[in-house]
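J.: One structure, pasted below without further comment.
The values are calculated or read from the model by the stated rules, or taken from the named source; none is laboratory data. Worth saying up front: this structure is predicted, and the values here are computed from it rather than measured. Cβ placement follows ideal geometry from the backbone for every residue including glycine, while neighbour counts extend to all protein chains displayed. SASA here: full protein model, heavy atoms, side chains in, ligands and nucleic acids out. Shrake-Rupley method; radii C 1.70, N 1.55, O 1.52, S 1.80 Å.
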Amino acid sequence: MTFSGITTQSTDAVFQSLRTSERGLSSATAQQLLKQYGLNQVRSQEHTWRDVLARQFTSPFVYLLFAASLLAFLLGERLDGSMILLFITINTLLGFSQEYHSERTMKLLKRYLSSKARVVRDKKIQMVDTTTLVPGDIIMIEPGDILPADVRFVETTGLVVDESVLTGESVAAEKTNSPLHTEAKDMYEAKNVGFSGTTVSSGKGTAVIFATGKNTAYGEIVKLSAETSRESVFEKEIARVSKFTLISVFFTLLIVVIASLVIKVQPSLVELAIFSVALAVGVIPEALPVVMTFSLSLGALHLAKNHIVVKRLSSIEDLGSIEVLCSDKTGTLTENKLTVHEVYSEYPEETLLYANLALSSLNKEEQKTFDAFEIALLQALPREKKELIKEYRRVADIPFDPIRKRVSRIVRTDHSKILVVQGATEEILRLCPDSLKRKKEVASWVATKGREGCRTLAVAIRNLPVNERKEIKEVEKDLSFMGVVSFTDPIKPTTFDAVKQARELGIQVKILTGDSKEVSGSVAHEIQLIDDPSRVMTGEEFEKLAAEKQRQAVSAYHVFARVTPQQKYHIIQVLQEKFEVGFLGEGINDAPALKIANVALVVSGASDVAKEAADIVLLKKSLKVIVDGIREGRQVFANTTKYITASLSANFGNFFAIAGASLFIPYLPMLPLQILLVNLLSDFPMIAVAIDTVDKGSITYPKRYNLKEFAVIVLLLGAVSTIFDTIFFGVFYHASPATLQTSWFIGSILTELVFIFSVRTRLFFLKATRPSGVLLFLAIVAFIGTIYIPFTSIGQRVFQFEAPSQSTLLL
C-alpha cells in the first residue's frame, strides 16, 4: 500500500483495508503476517575483508602485469616474473590495509533505528522488537521515538514529527489523524502519515502500520540506492590508458616480430619471444599501481587528520576531477536546528517569556523536549527569565491543532493567572482586537521574514481573574498582542568560506533540497551562491520540462527546492552528461543521489543508508574539509599524471628505439634482464612522485584525463626519448655487444632521471616548486646505482655488463 492512497482514507477504511482495528492484532495473526511480509528491516550491503581484497585486483594494469609475469615464468625468466609479482604484492597490501581500515571504521560509525516499540497485541500494550512489526499493528508513539515503519495516524495530540532525514525540511511537520481532501503526492504533503526513520519531536499519538521493511519509503530509497552502480572516473580513465598502452605495444611488437622474421636469416624464435616479452614488460609502468595506491593512501592519511574517513581510495583522485558539487541544505550548509532570529515587539523579553510559558514541557523538567521551536525559545530566554518561569504552573491547555493553527495554555502563580496563545500570525491577530491598526505592519514584517527564509510564531495573552473557572475556549478572545518571534536555521560559519573557495577552484556549487523555495533561496542568496533569492526551481517544475530544457536548467539554476529522492537522482544524472559531479548529503533521502554521484560525501551524523552509499565520510561538520579534500585530490591527480607521462614517455622511447635497433644488428641491443633493470631503476625514484610537491597552477581548476591529449604528449615525448636512445645506438653501433648494451643501459637511465625533473612541472624547471626531498634523494641513489652496477661482479655475471671506460662514461 502506497502512502498517497492512504492519505485520503478515513480511519475505519484504513482499518478495513488492513484487516485490523483499534484493539490491534492477535499474536497468532501477527505471526502469520510476519511470514507473509518478512522481517521489518532493510538490509544494507556488508563488505567483508574478501570483498576489500578482491577490489585491489580490479585494475587493468594489474591484469597486464599478471599476464607479463606468467609469460616470464613460462619462458624461464624467474627473476623477471618475481619482480613483477613483488610490485603487485606491495600494491595489494597498501590498498587492502587502507580500505579495510576504513570499512572497519564505518562499522563502528553505524547508528541503528529504535529496537523496541509499544504495540497493541492481544488487546493489551506490549513492548516488541521492531523487526517483528507487521502491517495492521497498532503502535503508541511519544517524543523521542523513531518511527519503526510507515504508519497512518489514528489519534494525535499535538503531534509533531521531524522528517528532515527524508524530506530535507528543517522544521518538524505537524501531524493530524484526519483524512486529506486530495491525495498527497510528496512526503511533505502527507500530514496524516509517518515514515520509517523519522523522529517524533513533540506530542503523542496512536498509529496503524501499513508498510514495513523494503515496502516502506525508506526501503524504496535503499532499493534505488542498491540498484545503482557507480564506476569511478579515475578507474575508468586508467582503464582507457591501459587499453591504449596494450594496443600500442601489441602492434609495435607485431611489426618487430614480422620484420625480424623477414629481415634476419636465422632468427631465434625463443630469443625473439623472450625479447618481445621483456620489451612489453619494459613499456608497462608496473609501478603505477604502487604509485597510485601510495599516493592515494597518503592523501587518505592527510584527510584522516581532519577526521575524514575515506571508504574508497580512488575517490580521492575523483575529488580532483569534480566540476559540480551538489549539496543538500539541511544539516550540510545549515545547522539543522532553529534559533530565534528576531523578536518583533515593543517588549521583546516579555514576548519571549510568554512564548516559553506556552511550551508543552512547562513543569516537566524531567522530560526532554524534542520540538525545534521549543528548544530555540528556551535557548533565547535570558537566565533571569528562566528562573521566573519556575514560578508558573500549567492549569489547562489545548494542544496545537493544524486546523486551529495555534496552541492555548492557562498558567498561574499564587497571585496571577494568564492565558497564553501562540501560533500562526493571522490566527493570533484575529483574536486581538487591539492589533487591528497594526495588522498591516505586522503582516508586512512577517512577509519580509518569510522571503528571508524565516519561520514565525505570534504570541498573545489575556490576564484572567485568579479564581475564574471558565474553559479556555470561553476566554480565548479579546487577547493582547505581544509580538512575533522569527526563527531561522543558521548557516554554518564554514559554509561561506567553503563556497568562496569552491568558486576559486572552478567548482560550481548547486543546492538540491527538500525544503521550500523561500528558505533554500534565502540560504543560497546569503552565502552568495545566487544574486536573486527567487532564482529557484522546484523538483516538480524540473520534472515537467522536456529533456533538452532539463539539460539547460541544470546549468542555469543553482538551487533546486522541494526535490524528492528520485528527482535528486535524476538531476545528478542529467548533470553527469556534461560534468563530473560530487554530491554532499546526510539524510535517507540523499542515498540514491549519493550512490550515482561520481564522488559521494556525507557529513557526521548522516543516516546509515547515506553512509553506506558514501565514498567519503566527514566526521568533522565543516564544508571546508571538502575543499581541502578537492585540493588533495588534485594533488594526487597531478602526481599520478606526472608518473604516467614520465614513465610511459621514457618507456615508449626505449621501446621504439630498442625494437628498431634490433632489426639492424645480429644481436639484441639490450638483453631482456637489462631492459627490466632499466625499468626498475628508473621507476625507483619515480615512486617518490607520489609525495612530490605540486605547482599552484595545477590545482586551480578541475582536472580530467583526456586520452587523446595524453596519447599525443606521451608519443611526442617518447619520440624525443627515442632520438636520444638512437644517438647512443649510433655512437656505440660498431662496439662490442656488451659495450653497446652497457652504454645504452647507463644512458637510458640517466636521461630518464633528467626527464623526471622536466616532466614534473609545466613551468621552466628553475621556476617550478622545489622537488620533494625524497624524490631528489632517490634520484641520486638511482644515479649512483646506475654507474656502480656495471663495475660489480653481479652486474657483470648476472646482467652481462662490462665495466665502462672513463671516456665512455664522459660521453
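J.: Kindly evaluate Phe210 against the criterion of being in contact (Cβ under 8 Å) with a residue 12 or more places away in the chain and in contact with a Gly (Cβ under 6 Å, 6 or more places away or on another chain).
T.: Numbers: in contact (Cβ under 8 Å) with a residue 12 or more places away in the chain: yes; in contact with a Gly (Cβ under 6 Å, 6 or more places away or on another chain): no.
No.
J.: Pull up the range 424-471, narrow it to residues that are part of a helix (DSSP H, G or I) and of a type in the set (A, V, I, L, M, F, W, C), then point me to the one that is farthest from the chain's Cα centre (by Cα). Before you say what the answer is, go through the steps one by one.
T.: First pass over the range 424-471, keeping only residues part of a helix (DSSP H, G or I): 425-430, 433-451.
Still in the list and also of a type in the set (A, V, I, L, M, F, W, C): 428-429, 436, 442-443, 445-447.
Working: Ile428: 44, Leu429: 46, Leu436: 52, Val442: 43, Ala443: 42, Trp445: 39, Val446: 37, Ala447: 36 Å.
Applying the filter and picking the extreme gives Leu436.
J.: Is there any pair linking a residue in the range 529-544 that is over 16 Å from Asp328 (Cα atoms) and touching a residue at least 40 places away in the same chain (Cβ under 8 Å) to one that is among the polar types (S, T, N, Q) and surrounded by 14 or more Cβ atoms within 10 Å (Cβ to Cβ), with Cβ under 7 Å and at least six apart or on different chains, and which?
T.: Pairs that qualify, where the first residue is over 16 Å from Asp328 (Cα atoms) and touching a residue at least 40 places away in the same chain (Cβ under 8 Å) and the partner is among the polar types (S, T, N, Q) and surrounded by 14 or more Cβ atoms within 10 Å (Cβ to Cβ), are Pro533/Ser522.
J.: Taking the range 414-426 as the search range and keeping residues that are in contact with a strand residue (DSSP E or B) (Cβ under 8 Å, 6 or more places away or on another chain) and either without any contact (Cβ under 8 Å) to a residue 40 or more places away in the chain or over 18 Å from Lys477 (Cα atoms) (or both), which one is least open to solvent (accessible area, probe 1.4 Å)? Explain how you work it out, then say what you get.
T.: As a first pass, look at the range 414-426 and keep what is in contact with a strand residue (DSSP E or B) (Cβ under 8 Å, 6 or more places away or on another chain): 416-425.
From what is left, the residues that are either without any contact (Cβ under 8 Å) to a residue 40 or more places away in the chain or over 18 Å from Lys477 (Cα atoms) (or both) are 416, 423-424.
Working: Ser416: 37, Gly423: 3, Ala424: 26 Å².
In this case the residue turns out to be Gly423.
J.: So, one more: Just to verify a result, which residue in the range 771-794, among those that are of a type outside the set (Val, Ile, Thr) and touching a Leu at 6+ places or on another chain (Cβ under 9 Å), is farthest from Ala738 (Cα to Cα)?
T.: Let us first name the residues in the range 771-794 that are of a type outside the set (Val, Ile, Thr), namely 771-773, 775-779, 782-783, 785, 788, 790-791, 793.
This time we only want the ones that are touching a Leu at 6+ places or on another chain (Cβ under 9 Å), so: 779, 782-783, 785.
Numbers: Ala779: 25, Ala782: 21, Phe783: 20, Gly785: 18 Å.
Restricting to residues being of a type outside the set (Val, Ile, Thr) and touching a Leu at 6+ places or on another chain (Cβ under 9 Å), the top hit is Ala779.
J.: Going through the range 91-134 one residue at a time, which ones are open to solvent by 50 Å² or more (accessible area, probe 1.4 Å), at pLDDT below 60 and assigned to a helix (DSSP H, G or I)?
T.: Selection gives Leu94, His101, Arg104, Lys107, Leu108.
J.: To continue, here is another question. For the structure I just gave you, tell me whether Leu668 is touching a Pro at 6+ places or on another chain (Cβ under 9 Å) and open to solvent by 10 Å² or more (accessible area, probe 1.4 Å).
T.: Details: touching a Pro at 6+ places or on another chain (Cβ under 9 Å): yes; open to solvent by 10 Å² or more (accessible area, probe 1.4 Å): yes.
When the stated conditions are applied, Leu668 passes them.
J.: Between a first residue in the range 492-504 that is more than 14 Å from Lys329 (Cβ to Cβ) and a second residue that is modelled with pLDDT of 85 or more and open to solvent by 10 Å² or more (accessible area, probe 1.4 Å), which pairs have beta carbons less than 7 Å apart while being 6 or more apart in sequence or on different chains?
T.: Partner pairs satisfying both residue conditions: Ala502/Leu325; Ala502/Val509.
J.: Which condition number in (1) in contact with a Gly (Cβ under 7 Å, 6 or more places away or on another chain); (2) closer than 19 Å to Ile691 by Cβ; (3) among the aromatic types (Phe, Trp, Tyr) is the one that Phe777 fails?
T.: The failed condition is (1).
J.: Among the numbered conditions (1) touching an Asp or Glu at 6+ places or on another chain (Cβ under 7 Å); (2) modelled with pLDDT of 75 or more, tell me where Ile630 comes up short.
T.: Condition not satisfied by Ile630: (1).
J.: Taking the residues in the range 442-456 that are open to solvent by 30 Å² or more (accessible area, probe 1.4 Å) and not basic (Lys, Arg) as candidates, determine which candidate is farthest from Thr425 (Cα to Cα).
T.: Narrowing the range 442-456 to residues open to solvent by 30 Å² or more (accessible area, probe 1.4 Å): 443-448, 451-452, 455-456.
Now drop any that are not not basic (Lys, Arg), which leaves 443-448, 452, 456.
On the way: Ala443: 8, Ser444: 11, Trp445: 11, Val446: 8, Ala447: 11, Thr448: 13, Glu452: 17, Thr456: 7 Å.
Residue satisfying both the conditions and the ranking: Glu452.
J.: Another question, if that's okay. Could you check the range 724-811 for helices (runs of 4 or more DSSP H) lying wholly inside it with 1 or more residues that are surrounded by 19 or more Cβ atoms within 10 Å (Cβ to Cβ) and more than 38 Å from the chain's Cα centre (by Cα)? Quick ask: steps written out before the conclusion?
T.: Details: elements: 737-759, 773-788, 793-797, 806-810.
Hits in the range 724-811: 737-759, 773-788, 793-797.
J.: Are any residues in the range 476-515 farther than 30 Å from Asp397 by Cα and among the hydrophobic types (A, V, I, L, M, F, W, C), and if so, which ones? Spell out the reasoning first.
T.: Just the residues of the range 476-515 that are farther than 30 Å from Asp397 by Cα, to begin with: 490-515.
Selection gives Ile491, Phe496, Ala498, Val499, Ala502, Leu505, Ile507, Val509, Ile511, Leu512.
J.: Inspect the range 364-375 for any residue being modelled with pLDDT of 85 or more and farther than 25 Å from Thr495 by Cα and give the result as yes or no.
T.: Among the residues of the range 364-375, not one is modelled with pLDDT of 85 or more and farther than 25 Å from Thr495 by Cα, which makes the answer no.
J.: Checking the condition touching a strand residue (DSSP E or B) at 6+ places or on another chain (Cβ under 9 Å) and open to solvent by less than 70 Å² (accessible area, probe 1.4 Å), which residue from Arg462, Arg393 passes? Give the derivation first.
T.: Working: Arg393 fails: open to solvent by less than 70 Å² (accessible area, probe 1.4 Å).
The match here is Arg462.
J.: Still on this structure, please answer the following. Taking the range 568-581, which residues are modelled with pLDDT of 90 or more and touching a Gly at 6+ places or on another chain (Cβ under 9 Å)?
T.: Listed by number, the residues that qualify are His570, Ile571.
J.: Taking the criterion of being modelled with pLDDT of 75 or more and closer than 20 Å to Glu163 by Cα, would at least one residue in the range 219-241 satisfy it? Explain how you work it out, then say what you get.
T.: Initial filter on the range 219-241 (modelled with pLDDT of 75 or more): 219.
Pick out the ones that are also closer than 20 Å to Glu163 by Cα and you get 219.
Yes - at least one qualifying residue is present in the range 219-241.
J.: Within the range 152-211, which residues are over 27 Å from Leu333 (Cα atoms) and of a type in the set (A, V, I, L, M, F, W, C)?
T.: Result: Phe153, Val154, Leu159, Leu180, Ala184, Val193, Ala207, Val208, Ile209, Phe210, Ala211.
J.: Say we look at the range 465-480 and pick out the residues that are charged (D, E, K, R) and without any contact (Cβ under 8 Å) to a residue 24 or more places away in the chain; which of these is surrounded by the fewest Cβ atoms within 10 Å (Cβ to Cβ)?
T.: Of everything passing the filter in the range 465-480, Arg469 is surrounded by the fewest Cβ atoms within 10 Å (Cβ to Cβ).
Listed here are the residues, each with its yes/no results for (1) of a type in the set (Ser, Thr, Tyr); (2) open to solvent by 20 Å² or more (accessible area, probe 1.4 Å); (3) in a loop (DSSP other than H, G, I, E, B); (4) without any contact (Cβ under 8 Å) to a residue 60 or more places away in the chain.
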| position | (1), (2), (3), (4) |
| --- | --- |
| Gly136 | no, no, yes, no |
| Ile139 | no, no, no, no |
| Pro143 | no, yes, yes, no |
| Phe153 | no, no, no, yes |
| Gly158 | no, no, no, no |
| Leu166 | no, no, no, no |
| Asn177 | no, yes, yes, no |
| Glu183 | no, yes, yes, no |
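J.: Of all residues being over 28 Å from Ile375 (Cα atoms) and not in a strand (DSSP E or B) in the range 187-216, which is farthest from the chain's Cα centre (by Cα)? Just the residue, please. Outline the logic, then answer.
T.: First, the residues of the range 187-216 that are over 28 Å from Ile375 (Cα atoms): 208-216.
Subsequent filtering for residues that are not in a strand (DSSP E or B) retains 212-216.
Details: Thr212: 28, Gly213: 25, Lys214: 24, Asn215: 26, Thr216: 24 Å.
So, considering only residues that are over 28 Å from Ile375 (Cα atoms) and not in a strand (DSSP E or B), the one farthest from the chain's Cα centre (by Cα) is Thr212.
J.: Could you check the range 514-577 for helices (runs of 4 or more DSSP H) lying wholly inside it with 2 or more residues that are closer than 26 Å to Lys595 by Cβ and open to solvent by 60 Å² or more (accessible area, probe 1.4 Å)? Spell out how you get there, then give the answer.
T.: On the way: elements: 517-526, 539-544, 547-556, 565-575.
Where helices (runs of 4 or more DSSP H) fall fully within the range 514-577 and carry at least 2 residues being closer than 26 Å to Lys595 by Cβ and open to solvent by 60 Å² or more (accessible area, probe 1.4 Å), they are 539-544, 547-556, 565-575.
J.: Quick check: is even one residue across the range 427-442 touching a residue at least 60 places away in the same chain (Cβ under 8 Å), among the aliphatic types (A, V, I, L, M) and closer than 23 Å to Tyr344 by Cα? Full working, then the answer.
T.: At the first step, the residues of the range 427-442 found to be touching a residue at least 60 places away in the same chain (Cβ under 8 Å) are 442.
From what is left, the residues that are among the aliphatic types (A, V, I, L, M) are 442.
Okay, now just the ones that are also closer than 23 Å to Tyr344 by Cα, so 442.
Yes - at least one qualifying residue is present in the range 427-442.
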